Protein chains: 2
Amino acid sequence: MRSLPFDQIKLSDAFWGRWHKVLVETTLPTQFDQLEQTGRLANLERAAGKRDGDFEGLWFNDSDVYKFVEACAYGLGMQRDAKVQAHYDRCVEIIQAAQQPDGYINSFFQVRFPDLKWRNLHLMHEMYCGGHLIEAGVAAYECLGDRRLLDVSTRFADHVSSVFGPDKRLGYCGHEEIELALIRLAGATGEEKYRESARWMVESRGHRPSPFAAELHDAEAVSAWPVQGCHFTTDGTLGGPYDGQYAQDHAPIRQHDSVVGHAVRAMYLYIAAAELCDEDDVELQSALIRAWQSLTARRMYITGGIGPSSSNEGFTTDFDLPNLTAYAETCASCGLVFWGSKMLEMTGDGDYVDVMERALFNGALSGISLSGDRYFYTNPLESRGGNERTPWFGCACCPPNIARLIGSISKYLVSVSDDAFYVHTPASLEATPSFGGVPVTLKIDADYPWSGKYRVTVEPTEPVQFKLKLRIPAWSGEVEIDFPKCDEPANYESGYAVYDRVWKAGDALTVDLGMEPSWVEADPRVKDCLGRVALTNGPLVYACEEQDLGYAPQLFSADTEAPIEQKKSKALGGVSMLSATGLAYVESPADELFTAAGTADLVESQATCIPYFAWCNRGTTNMQVWLRRM
Amino acid sequence: MRSLPFDQIKLSDAFWGRWHKVLVETTLPTQFDQLEQTGRLANLERAAGKRDGDFEGLWFNDSDVYKFVEACAYGLGMQRDAKVQAHYDRCVEIIQAAQQPDGYINSFFQVRFPDLKWRNLHLMHEMYCGGHLIEAGVAAYECLGDRRLLDVSTRFADHVSSVFGPDKRLGYCGHEEIELALIRLAGATGEEKYRESARWMVESRGHRPSPFAAELHDAEAVSAWPVQGCHFTTDGTLGGPYDGQYAQDHAPIRQHDSVVGHAVRAMYLYIAAAELCDEDDVELQSALIRAWQSLTARRMYITGGIGPSSSNEGFTTDFDLPNLTAYAETCASCGLVFWGSKMLEMTGDGDYVDVMERALFNGALSGISLSGDRYFYTNPLESRGGNERTPWFGCACCPPNIARLIGSISKYLVSVSDDAFYVHTPASLEATPSFGGVPVTLKIDADYPWSGKYRVTVEPTEPVQFKLKLRIPAWSGEVEIDFPKCDEPANYESGYAVYDRVWKAGDALTVDLGMEPSWVEADPRVKDCLGRVALTNGPLVYACEEQDLGYAPQLFSADTEAPIEQKKSKALGGVSMLSATGLAYVESPADELFTAAGTADLVESQATCIPYFAWCNRGTTNMQVWLRRM
């Protein structure tokens, strides 16, 4: 199973079309302004010798430029735009100029510490930044046919291989990323050596002695870093003994039982590992499935947010999922979408898409405002008014990450294999794959995520056999597929309804996934959700905001037996709102803080809920996903 | 209204007797060992020139020695003990030796920074430490007739007055304490000047320009302090503009509307202010009552814990009372008991005792283990197993604070005025006040807090008129007073049942305060308590621990309509346990983290609850005060 090349898929979807328009018209231009204003481009110009002054900001800030370029490549691949093109070209030229003749590129080290390169892989993110450079290079090549950054990328990758490798120095990055990037580079260039380099890094990680431990004793380098007193010690906490968990260096990948440490790092490692997993490598496959299970059955918010703790930007213990203080970094949910897609490709199992959609439509999209120019770094499931999206961050990983996810969304909606076309997530689009050399046009008309009904039309240039695989989500109620020209019922396998037949021009079917608003509860071991329910509709998790309620949603308790009303609204970019019935405490001034139980007044109330991703787009507010149950 | 002198009251109470035995036999000896082992005594020896080496520990560590001495004075006043006497004498001698000829004493400055005294009143706690010295001196004098520390105290107070005063330098301490201490010193010595010095400090506070602001610019001193990078900047947070809230320097005392900043500091300020408030000073009285109301109606846990936030060890916003992360410092609840007693004396209103008992029997006593040698600094109202009392702290303010509260408990149980005897909190004791020169023996037999029934016997040496005032708590149900020899019913005023009569030998009455287990709810504006109830019995708040339940109490929801069973137990030092009926989620391994509402199994369950103060005496555990309501 693989994504379709970008030129074989054309989105015409209302939901994603709105996001793409916002991406090109607002998100990318405003992000470019931020890159300029915060010195991120200036840093690379300094590395290129074209500007004076010291490095500005955080040592991994080059990566934001690269992720921005990657997002531009996706955006420009879909839609020409002179302004974005100019921003993109400007960045590419600066990056080209900044690269050293030996292939090294990292403006922090080039400008401030030219003699301390590769001296602290754990903290200093050189390979991490290079990984994002490579992803940008591959995306630019694949979407735009532009080789400029692909060439920069291969030079950088070759430089890394000249320093690190099986017969050279043992080394991998504290923040995983380059591994998955090298695999993409191998795919784009056909050079297997990059894939093997990634495999070596993934498999070397977690053994003892760890190369990170020795870096602590590199006194000259350690005293130079700008991270004294911050939490980026080797284990992610100050002063503790090195256990490696923070950067997934605690155990070899094949022994992993659960996701630990920094959430984004973990995602990026597992993306690479899943890509590297050969079909007959049962050991690695099992480890990945164990890690996935530990994440999705014990350590994931209902929104697909992951990593509850701010202290390590990551994982804590099973079922520790506090709502008000949830970290649930936007990047981590993006990473979960990426990892899920690789697990899906590895196994062909549609269950992975359930989690991908959970993260995509909730915890990831909540990271960006509907206007496309403000961002959440953390995505709590309850707010008491203290949360607000901002235009940028000192550590600005999230804005370009959500931008590149939105830009590349078509990679995750449908897939092909040699003999099958997969519809994972319905969206209006036209795909033009070929099966056995026969070009086929598949047209999907959908109104997802607002409706579970969609239509697929198949137009092969001549009759051709292939499988059409239609995903049946776990949340589906009664599924109905109407395929007038077909007498055979679908086969159901691995979460898909499968039609394996010879397709002819004009074949068309309609699918109704049975999407109904429903109340969900959490495993009772999630203490923060006990006695609470969340309202969902298909892949969407709903949130209740004070603006719609007229009072803080914490006061509301839901009657899960009452009918849920659904109402299409033009507000918030066009969403389906849900209205629940329940009881609400009346907040009335009282002299006594504590009174006999039953003193407070309760009144019947209707609570209008909006999709979680759309919360906090009307000012700061009280918000709650997990409502108390009556 | 005033406390009885220590020699006019003799406790024979089961509840407080157990604590006093533990105090003398365990708490004081083990605290002395800690003072020795942690260098606190050594610091004073260094100041005295009797030991080499640098100052050890935190700059305010002398105060722990003083508070320990104060607690010893109370303990020895009640019960001779050779070991405690030796510890006490050792401390007194070291303190005497450490004092400079000019009266100054603070081992941190004497040992490490002799040239930087009085250079930073906001941060450096010199007056705070001196205040605790004075309290120790007064207690030793009043309980034991020992003048040694009283003399040290007057010399210190006179030294302070030689530096600071209306016609000298403007100055008061960042951590209030010396104000209330000077008032005690005035009482013990009869020297009004100390009281006036306190008044000047209290009234000077909060005006602009603040003397604290200037201290920031004392470069030589600022660079010397060992507190770089910790939260003790002038406003209690790093980098913000000076607003004075952290140390109640935000506004003059007479303009205070609500309690703000560091909780212990606020309590100590208000204790002094209440003591200084003249009967006709309506302005100050109103400010104190406003502050009290803001605290007890909007910013206090049901346990009498105050100051929810660890970041400033203090107050945040109205109704912000998170349970799991409650800071609720032991010292702050001790301070609330002290402040309440001064408000009670100022107003004669028994409502203050309701709050005092809430803090005393719950949030303060929870600060010490039943064994008397382990302490909580913070007192959360929910635990998920991460809490445990420890034998000592780097910042060890709490252990000797709870020790001195326990040691001096008789000050808070009953009071006298010229014509009245008050029973605030029932306890078995014998009091021997005089009214109009006639000695009277009042004997109380009680089993409080386990029972609301008690008996008072009055034995005047000759018939004498005075008022017997028996407090009727806010939680009282049907109160019954049986007074066979008296035909008149009691008058009820300001929370007391009052018998104003000529008392004769053998007069006796029994009181039943109508104590019944009951469920309590919080003001709906306390978001963390919505849908929750707490079990109480009289002054006691109950907690549910996993040990008694067999599963985490978070899984339980209470049926507030079902009867509550009460059972006396010998466990936990002898407590009344309460058993509630309800439903419990069954924690069973599930593959799915999120399922349709109603999936989880619920079973009927009985939840045995113990007094909050006794929690975590059987190992770390899941605990909850605010149980979900069915």
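The values are calculated or read from the model by the stated rules, or taken from the named source; none is laboratory data. Please read these numbers as outputs of a predicted model, since none were measured by experiment. Here the Cβ positions follow ideal geometry from the backbone for every residue, glycine too, while neighbour counts run over all protein chains shown. Calculation scope for accessible area: heavy atoms of the full protein, side chains included, ligands and nucleic acids excluded. Shrake-Rupley method; radii C 1.70, N 1.55, O 1.52, S 1.80 Å.
Can you tell me which of B:ALA157, B:ALA140, B:ALA221 is part of a helix (DSSP H, G or I), among the small types (Gly, Ala, Ser) and either in contact with a strand residue (DSSP E or B) (Cβ under 9 Å, 6 or more places away or on another chain) or at pLDDT below 95 (or both)?
Details: B:ALA157 fails: either in contact with a strand residue (DSSP E or B) (Cβ under 9 Å, 6 or more places away or on another chain) or at pLDDT below 95 (or both); B:ALA140 fails: either in contact with a strand residue (DSSP E or B) (Cβ under 9 Å, 6 or more places away or on another chain) or at pLDDT below 95 (or both).
When all the criteria are applied, what remains is B:ALA221.
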Open item on the list: Just the residues that are among the aliphatic types (A, V, I, L, M) and within 17 Å of A:SER408 (Cα to Cα), please, taken from the stretch A:111-148.
Closed with: A:LEU133, A:ILE134, A:ALA136, A:VAL138, A:ALA139, A:ALA140, A:LEU144
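Considering only residues that are among the hydrophobic types (A, V, I, L, M, F, W, C) and free of Cβ contacts under 8 Å to residues at least 60 places away in the same chain, which ones fall in the stretch B:356-411? I'd like the intermediate steps shown before the answer.
First, pick out the residues of the stretch B:356-411 that are among the hydrophobic types (A, V, I, L, M, F, W, C): B:356, B:359-361, B:364-365, B:368, B:370, B:376, B:381, B:392-393, B:395-398, B:402-403, B:405-406, B:409.
B:ALA359, B:PHE393, listed by residue number.
Is it true that some residue in the stretch B:298-313 is more than 14 Å from every other protein chain (Cβ to nearest Cβ) and either part of a helix (DSSP H, G or I) or closer than 21 Å to B:LEU535 by Cα (or both)?
Taking the stretch B:298-313 and keeping what is more than 14 Å from every other protein chain (Cβ to nearest Cβ), we get B:307, B:312-313.
From what's left, either part of a helix (DSSP H, G or I) or closer than 21 Å to B:LEU535 by Cα (or both): none.
Scanning the stretch B:298-313, I find no residue that is more than 14 Å from every other protein chain (Cβ to nearest Cβ) and either part of a helix (DSSP H, G or I) or closer than 21 Å to B:LEU535 by Cα (or both), so the answer is no.
Examine the stretch B:255-263 for a residue that is within 21 Å of B:ARG525 (Cβ to Cβ) and assigned to a helix (DSSP H, G or I), and state whether such a residue exists. Walk me through how you get there before you give the answer.
Of the stretch B:255-263, the ones within 21 Å of B:ARG525 (Cβ to Cβ) are B:257-260, B:263.
Within this subset, residues satisfying the condition of being assigned to a helix (DSSP H, G or I) are B:263.
Scanning the stretch B:255-263, I find at least one residue that is within 21 Å of B:ARG525 (Cβ to Cβ) and assigned to a helix (DSSP H, G or I), so the answer is yes.
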TODO: Within the stretch A:420-442, track down each residue that is more than 30 Å from A:VAL541 (Cβ to Cβ), without any contact (Cβ under 8 Å) to a residue 60 or more places away in the chain and either surrounded by 17 or more Cβ atoms within 10 Å (Cβ to Cβ) or not hydrophobic (A, V, I, L, M, F, W, C) (or both).
DONE: A:SER434, A:PHE435, A:GLY436, A:GLY437, A:PRO439, A:THR441
Open item on the list: Being surrounded by fewer than 23 Cβ atoms within 10 Å (Cβ to Cβ) and hydrophobic (A, V, I, L, M, F, W, C) is the filter here; which residues of the stretch B:296-336 pass it?
Closed with: B:ALA297, B:PHE319, B:LEU324
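Restricting to the stretch B:22-59, name every residue that is outside any loop (DSSP other than H, G, I, E, B) and either open to solvent by 70 Å² or more (accessible area, probe 1.4 Å) or of a type in the set (D, E, K, R) (or both). Give the steps one after another, and end with the answer.
Let us first name the residues in the stretch B:22-59 that are outside any loop (DSSP other than H, G, I, E, B), namely B:22-37, B:40-47.
If the condition is that a residue be outside any loop (DSSP other than H, G, I, E, B) and either open to solvent by 70 Å² or more (accessible area, probe 1.4 Å) or of a type in the set (D, E, K, R) (or both), then B:GLU25, B:ASP33, B:GLU36, B:GLN37, B:ARG40, B:GLU45, B:ARG46 are the ones that fit.
When you go through B:LEU336, B:LEU295, B:LEU276 one by one, which is the residue that is over 15 Å from the mean Cα position of the chain (by Cα), touching a residue at least 24 places away in the same chain (Cβ under 8 Å) and outside the structural domain of B:HIS424 (by TED's automatic domain parsing)? Please lay out each step first, then the result.
Working: B:LEU336 fails: over 15 Å from the mean Cα position of the chain (by Cα); B:LEU295 fails: over 15 Å from the mean Cα position of the chain (by Cα).
Going through B:LEU336, B:LEU295, B:LEU276 in turn, just one is over 15 Å from the mean Cα position of the chain (by Cα), touching a residue at least 24 places away in the same chain (Cβ under 8 Å) and outside the structural domain of B:HIS424 (by TED's automatic domain parsing): B:LEU276.
Of everything in the stretch A:107-150, what is among the charged types (D, E, K, R) and under 19 Å from A:ALA272 (Cα atoms)? Give them in sequence order.
Step one: list which residues in the stretch A:107-150 are among the charged types (D, E, K, R), which gives A:112, A:115, A:117, A:119, A:126, A:135, A:142, A:146-148.
Matches in the stretch A:107-150: A:GLU126, A:GLU135.
The rows are residues; the columns are (1) within 12 Å of chain A (Cβ to nearest Cβ); (2) modelled with pLDDT of 95 or more; (3) in contact with a Phe, Trp or Tyr (Cβ under 8 Å, 6 or more places away or on another chain).
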{"residue": "B:GLY538", "(1), (2), (3)": "no, yes, yes"}
{"residue": "B:ASP548", "(1), (2), (3)": "no, yes, no"}
{"residue": "B:SER557", "(1), (2), (3)": "yes, yes, no"}
{"residue": "B:GLN566", "(1), (2), (3)": "no, yes, no"}
{"residue": "B:LEU572", "(1), (2), (3)": "no, yes, no"}
{"residue": "B:MET577", "(1), (2), (3)": "no, yes, no"}
{"residue": "B:VAL586", "(1), (2), (3)": "yes, no, no"}
{"residue": "B:ALA590", "(1), (2), (3)": "yes, no, no"}
{"residue": "B:PHE613", "(1), (2), (3)": "no, yes, yes"}
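I need a count of the residues in the stretch B:443-453 that are open to solvent by 10 Å² or more (accessible area, probe 1.4 Å) and of a type in the set (Phe, Trp, Tyr). Before the answer, list the steps.
Taking the stretch B:443-453 first, the residues open to solvent by 10 Å² or more (accessible area, probe 1.4 Å) are B:443, B:445-447, B:450-451, B:453.
If we keep only those that are of a type in the set (Phe, Trp, Tyr) as well, we get B:450.
Final tally of qualifying residues: 1.
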TODO: For the stretch B:393-407, enumerate the residues that are of a type outside the set (S, T, N, Q) and open to solvent by less than 30 Å² (accessible area, probe 1.4 Å).
DONE: B:ALA396, B:CYS397, B:CYS398, B:PRO399, B:PRO400, B:ILE402, B:ALA403, B:ARG404, B:LEU405, B:ILE406, B:GLY407
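With respect to A:ASP601, determine if the residue is touching a helix residue (DSSP H, G or I) at 6+ places or on another chain (Cβ under 8 Å), at pLDDT below 95 and either more than 7 Å from chain B (Cβ to nearest Cβ) or open to solvent by 10 Å² or more (accessible area, probe 1.4 Å) (or both).
Details: touching a helix residue (DSSP H, G or I) at 6+ places or on another chain (Cβ under 8 Å): no; at pLDDT below 95: yes; either more than 7 Å from chain B (Cβ to nearest Cβ) or open to solvent by 10 Å² or more (accessible area, probe 1.4 Å) (or both): yes.
Here the answer is no, as A:ASP601 does not meet what is asked.
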Open item on the list: Exactly one of these conditions fails for A:ARG389: (1) open to solvent by less than 30 Å² (accessible area, probe 1.4 Å); (2) over 21 Å from A:ASN622 (Cα atoms). Give me its number.
Closed with: (2)
Open item on the list: With the structure loaded, tell me whether A:GLU191 is among the acidic types (Asp, Glu), within 20 Å of A:GLY244 (Cα to Cα) and open to solvent by 30 Å² or more (accessible area, probe 1.4 Å) or whether it fails that test.
Closed with: no
- [ ] Sort out which residues of the stretch B:587-630 are of a type in the set (A, V, I, L, M, F, W, C) and free of Cβ contacts under 8 Å to residues at least 24 places away in the same chain, and write them in order of number.
- [x] B:ALA590, B:LEU593, B:PHE594, B:ALA596, B:ALA597, B:ALA600, B:LEU602, B:VAL603
TODO: Report, by residue number, each residue of the stretch A:404-422 that is closer than 20 Å to A:ASP33 by Cβ and out of contact with any Gly (no Cβ under 8 Å at 6 or more places or on another chain).
DONE: A:ARG404, A:ILE406
TODO: Report, by residue number, each residue of the stretch B:481-533 that is more than 14 Å from every other protein chain (Cβ to nearest Cβ), open to solvent by less than 10 Å² (accessible area, probe 1.4 Å) and within 30 Å of B:SER579 (Cα to Cα).
DONE: B:VAL511, B:LEU513
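Residues to consider are B:ASN622, B:ASN617; find the one that is within 12 Å of another protein chain (Cβ to nearest Cβ) and among the polar types (S, T, N, Q).
B:ASN622
Which of the residues that make up the stretch B:1-19 are among the acidic types (Asp, Glu) and open to solvent by 60 Å² or more (accessible area, probe 1.4 Å)? Working first, answer last.
We begin by selecting, within the stretch B:1-19, every residue among the acidic types (Asp, Glu); these are B:7, B:13.
The answer is B:ASP7, and nothing else.
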TODO: Give me a count of the residues in the stretch A:542-558 that are farther than 13 Å from A:THR608 by Cα and in contact with a Ser or Thr (Cβ under 9 Å, 6 or more places away or on another chain).
DONE: 1
